[in-house]
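Structure below; questions to follow.
No lab work stands behind these numbers, since they all come straight from the coordinates. The shown structure was predicted, so the numbers you read here are calculated from the model rather than taken from an experiment. So basically every Cβ, Gly included, is an ideal-geometry build from the backbone, and we count neighbours across all protein chains shown.
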Amino acid sequence: MKKKKVQWFWSWVIGSVILRLILLYFPKNLNLSSRPEVSTPLTSLRRLAEGYWLKQSSVSPYAGSMYHGSPLLLTLLGPLTVTRVEGQPDHLLCSLVFVIADVICAMLIRAAGEKLQVAYSSRLQFLGLHNLSENSELLPSGDFAALVYLWNPFTIVACVGLSTSAIENLMVVLSLYGACSRLTPLAAFGWVMATHLSLYPAILIIPVILLLGYGPDAPPRKLFWQRKNLDVGNSTSSDSCSEEEAKNQLKMAHVFSWRLVVLFLFWTLLWSSYVLVLCGIYVQQYGGLQELFKRTYGFILTIQDLSPNIGVLWYFFAEVFDFFRNFFLIVFHGNILLMIAPLALRLNHRPCFLAFVYILISSMLKSYPSVGDSALYLGLLGLFAYELKDMQFSFFLFSGYVGVSLLSPVMHNLWIWRGTGNANFYFATAIAYACFQIILVVESVSAMLNHDRMLTKLYTAKLQNVKS
């Protein structure tokens, strides 16, 4: 049975790769690389190719307003943009890089899901909730999440549309996998590179530290305290776990591993210094690191490019008076920061789910969002399929995402090409998209908290039966 499941999983993985390769050979890749939902000023391969051409012409790659990405990404993908294979589609080598990045990202999601499921099942068994433990093992969340990521239309469109978001997603997932596995160098490398590429993953340092300190997601910690008090009060109580295993579970649930956190910070400092040195060498003759920060992170924070995308900020800042621009920049970016602490305090026992929520919020409020951002958090959502099985409005959300995906190109065509509409047509789909993301945040967090309450009620009822 297990072999059949493994064969079934790899068949779907191979199928997703074949589908991507077939779509790559369509004429001009279906023009997806020109879609505002797919390519943004930060993720467009066309802009990257322009920056590389400027670099080859002994001009700063940041001259003008074309390229605003990382010089390391320019070094990696730039040579591939000018390499042509006779009789093959343009940018074929870059496309293959994105396909490989998607597959590796899915495998890391699968491995992280397996670690989360094993840790969660063992802690449920330690609490004596064997039925829940067996039910959670019926659905391999790692396999499910990996396939959701690979077969998500947003992921496929981003890959075929030559968006560099596949590389950014890979770095984010690499950081989370390293934290779940407690591999501090890997977690630090993924976090540093993800932050370097798109800035917003910087907030993921909190869930990464919680993963390293406390370990993977677990039931509320007060349940383990109750178990400890019960063992102290009734030393002869029978338990399916050995005494040594019980001590290990209690230690994992309550003891924060400062050693791993300090190692993570050390490796973060090391990788950050290495990245800054490489970037400094690359842009030394083009203004140095100060110019780099201005053209990349400054471009992100000040929202200089107001070309349409699936976000809401481009329209707002196109309409707002310049006098109020700085104020609203602080307001919108501050919204992300204001939600960090409350969510971390409430969901500190579920750091991986906390990372999913952070990614979803930043994808909704970031300056230049794309479907590649949605592909990442929808893939991570599959890791919590068992805990969120009772989430409300699931069909409504699914229908909403499908509707927005279909209407957005139509409204853009009516506005830009046919001239029978205006910017409000396209902006309406962006507002709807943001509303669906808000509903997803609220409902997923509510469903997870309800799941924790259910665990608390079940364990409290079991304690009362034991005492009686």
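How large is ³J(HN,Hα) for each residue in segment 342-349, as worked out from phi by the Karplus curve 6.51 cos²θ - 1.76 cosθ + 1.60 (θ = phi - 60°), to whole Hz, x for Gly and Pro?
Couplings: x, 5, 5, 5, 7, 10, 5, 7 Hz.
If you take the beta carbon distance between Arg46 and Ser257 as r and set R0 to 51 Å, what does 1/(1 + (r/R0)^6) give as a FRET efficiency, to the nearest 0.05?
That pair, Arg46 with Ser257, gives E of 0.70.
About the Cα centre of the chain, how large is the charge dipole given +1 on each Lys and Arg Cβ and -1 on each Asp and Glu Cβ? Please answer in debye to the nearest 20.
560 debye
Same structure, new question: Calculate how steeply helix 141-151 sits against the longest principal axis of the alpha-carbon atoms of the chain, using the helix alpha-carbon long axis, and give the answer as 0 to 90 degrees to the nearest 10.
Compared with the principal axis, the helix lies near 10 degrees.
A follow-up question, please. Using a cut-off of 11 Å between beta-carbons, work out the net charge of the residues near Ala145 (Lys and Arg +1, Asp and Glu -1, Ala145 not included).
Within the 11 Å Cβ shell, the charges total -1.
Further question: Which one of Ala341, Thr43, Leu378 is farthest out on the positive end of the charge dipole of segment 2-467, using unit charges on Cβ (Lys, Arg +1; Asp, Glu -1) and the Cα centre as origin?
In segment 2-467, that residue is Ala341.
So how far apart, in nm, are the two label points at Trp53 and Trp10 if each is 7 Å from Cα heading toward Cβ?
Between Trp53 and Trp10, the simple spin-label model gives 4.3 nm.
Can you figure out the FRET efficiency of Ala423 with Lys462, using R₀ = 41 Å and their beta-carbon distance, to the nearest 0.05?
0.10
What three numbers, in Å, describe the spread of the alpha carbons of the chain along their principal axes, ordered from the longest?
78, 53, 47
Further question: Please list 3J(HN,Hα) in residue order for segment 108-125, calculated via the Karplus relation 6.51 cos²θ - 1.76 cosθ + 1.60 where θ = phi - 60°; whole Hz, with x for glycine and proline.
So the Karplus estimates, Gly and Pro as x, are 5, 4, 5, 5, 5, x, 5, 5, 5, 5, 5, 5, 5, 5, 5, 6, 5, 5 Hz.
What nm distance separates the two modelled labels at Leu72 and Trp151, each placed 7 Å from Cα along Cα→Cβ?
About 3.4 nm separates the two model spin labels.
Between helix 423-467 and the chain, what is the angle of the helix's C-alpha long axis to the longest principal axis, kept within 0 to 90° and rounded to the nearest 10?
10 degrees
Which value, in debye to the nearest 20, describes the size of the charge dipole of segment 282-358 about its Cα centre when Lys and Arg Cβ atoms bear +1, Asp and Glu Cβ atoms bear -1, and nothing else is charged?
Computed about the Cα centre, the dipole is about 320 debye.
Next up: May I ask for the net charge around Tyr177, where only other residues with Cβ less than 12 Å from the Cβ of Tyr177 are counted and Lys, Arg are +1 while Asp, Glu are -1?
Here the charged neighbours net out to +2.
So, one more: Could you work out how far helix 221-233 tilts from the main Cα principal axis of the chain, as a 0 to 90 degree angle to the nearest 10?
So the inclination is approximately 20 degrees.
Out of Ile300, Ile167, Thr81, whose Cα points farthest toward the positive end of the dipole of the chain (charges: +1 Lys, Arg; -1 Asp, Glu; placed on Cβ)?
Ile167
Could I ask something else about it? Set Lys and Arg Cβ to +1 and Asp and Glu Cβ to -1, take the dipole of segment 248-330 about its Cα centre, and tell me which of Tyr274, Gln284, Val320 lies farthest positive.
Tyr274
Still on this structure: Obtain the nm distance between the two label points defined at Leu414 and Ile340 by a simple spin-label model: each point lies 7 Å from its Cα along the Cα-to-C-beta direction.
Spacing of the two 7 Å Cα→Cβ label points: 4.0 nm.
May I ask you to derive the FRET efficiency for Lys389 and Ile281 from their Cβ-Cβ distance with R0 = 51 Å, giving the value to the nearest 0.05?
0.50
Moving on. Checking the table Lys115/Lys366; Lys222/Lys366; Lys389/Lys457 against a 27 Å threshold on Cα-Cα, which pairs fail?
Cα-Cα > 27 Å for Lys115/Lys366; Lys222/Lys366; rest within.
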